[in-house]
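Novice: So that we are looking at the same thing, I have put the structure below in structure tokens.
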Amino acid sequence: MDKGRVLDVIGTVARLGLAAIWLVSGILKAVDPDQTYVAVRAYDVLPRDAVGVVAAMLPWVEIAFGVLMLVGIGVRVVAVLSALLFLLFIAGVAQAWARGLSIDCGCFGGGGTVEPGQTTYVQELLRDIGFVLLAAWLIVRPRTLLALDARLVNTGRTG
């Protein structure tokens, strides 16, 4: 297998990994909108009206990112948006930790206030940094196997 093919396989694993992350987290939030509201509210950074908007939109944004990554449309753009959203999540968790809040991030459903000592901030931050690295790979090298991006680009070529 040549180097280009290996890089394509790595990119494909990164793309499908991000697709799975976004689809699972978005679906878990979408099926329990009340708990998603509780999770967003627990960060205590947004006005109440904004909490409702973010809690209502976030699952669908995540699902959209997941579907786009799964089929491979706009891989680089979705990777940039993913990295930005993951960085926002990292900032949210970090500020909660710094302020001494005891919350579950709600990243994969659930969320809200937890007992002191039940937080998992370090694991959440490390996990999200890993997700940023997957997105960064796709920003630098968005070419992947079985992606519709390649087909869409090739249909515009002649000869």
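The values are calculated or read from the model by the stated rules, or taken from the named source; none is laboratory data. These figures come from a predicted structure and were not determined experimentally. Glycine also receives a Cβ, built like all others from the backbone with ideal geometry; neighbour counts cover every protein chain displayed. For the accessible areas, the whole protein counts, side chains as well, though only heavy atoms, and no ligand, DNA or RNA atoms are used. Shrake-Rupley method; radii C 1.70, N 1.55, O 1.52, S 1.80 Å.
Novice: Go through D44, D34, D104, D49 for me and flag whichever is charged (D, E, K, R) and in contact (Cβ under 8 Å) with a residue 60 or more places away in the chain.
Specialist: D104
Novice: Looking at the range 40-159, what helices (runs of 4 or more DSSP H) fall wholly within it and have at least 2 residues that are over 21 Å from G26 (Cβ atoms), open to solvent by less than 50 Å² (accessible area, probe 1.4 Å) and touching a Phe, Trp or Tyr at 6+ places or on another chain (Cβ under 9 Å)?
Specialist: Qualifying helices (runs of 4 or more DSSP H): 75-98.
Novice: Which pairs do you get when a residue that is over 21 Å from L101 (Cα atoms) and among the small types (G, A, S), found in the range 112-137, comes within reach of a residue that is surrounded by 14 or more Cβ atoms within 10 Å (Cβ to Cβ) and at pLDDT 95 or above, reach meaning Cβ atoms under 6 angstrom, with the pair 6+ apart or on two chains?
Specialist: Listed pairs, sorted by first residue: A135/A79; A135/S82; A135/A83.
Novice: Of the residues V38, V71, which is in contact with a strand residue (DSSP E or B) (Cβ under 6 Å, 6 or more places away or on another chain) and among the aliphatic types (A, V, I, L, M)?
Specialist: Result: V38 is the single residue among V38, V71 that is in contact with a strand residue (DSSP E or B) (Cβ under 6 Å, 6 or more places away or on another chain) and among the aliphatic types (A, V, I, L, M).
Novice: Restricting the search to the range 16-36, which residues are open to solvent by 70 Å² or more (accessible area, probe 1.4 Å) and assigned to a helix (DSSP H, G or I)?
Specialist: L16, V24, I27, L28, P33, D34, listed by residue number.
Novice: Determine whether R48 is at pLDDT 95 or above, of a type in the set (K, R) and either in contact with a Leu (Cβ under 9 Å, 6 or more places away or on another chain) or within 20 Å of I103 (Cα to Cα) (or both).
Specialist: no
Novice: Something else: Could you give me the residue pairs with C-beta distances under 6 Å whose first residue belongs to the range 1-15 and is surrounded by 17 or more Cβ atoms within 10 Å (Cβ to Cβ), whose second residue is of a type in the set (F, W, Y) wherever it lies, and which are 6+ apart or on separate chains?
Specialist: If the second residue must be of a type in the set (F, W, Y), the pairs left are A14/W137.
Novice: Consider M69 against the criteria (1) under 20 Å from L146 (Cβ atoms); (2) without any contact (Cβ under 8 Å) to a residue 24 or more places away in the chain; (3) not hydroxyl-bearing (S, T, Y): it satisfies all of them except one. Which criterion is unmet?
Specialist: Result: M69 passes all but (2).
Novice: Could you run through the range 13-41 and say how many residues are among the β-branched types (V, I, T) and within 14 Å of V67 (Cα to Cα)?
Specialist: So the answer is 3.
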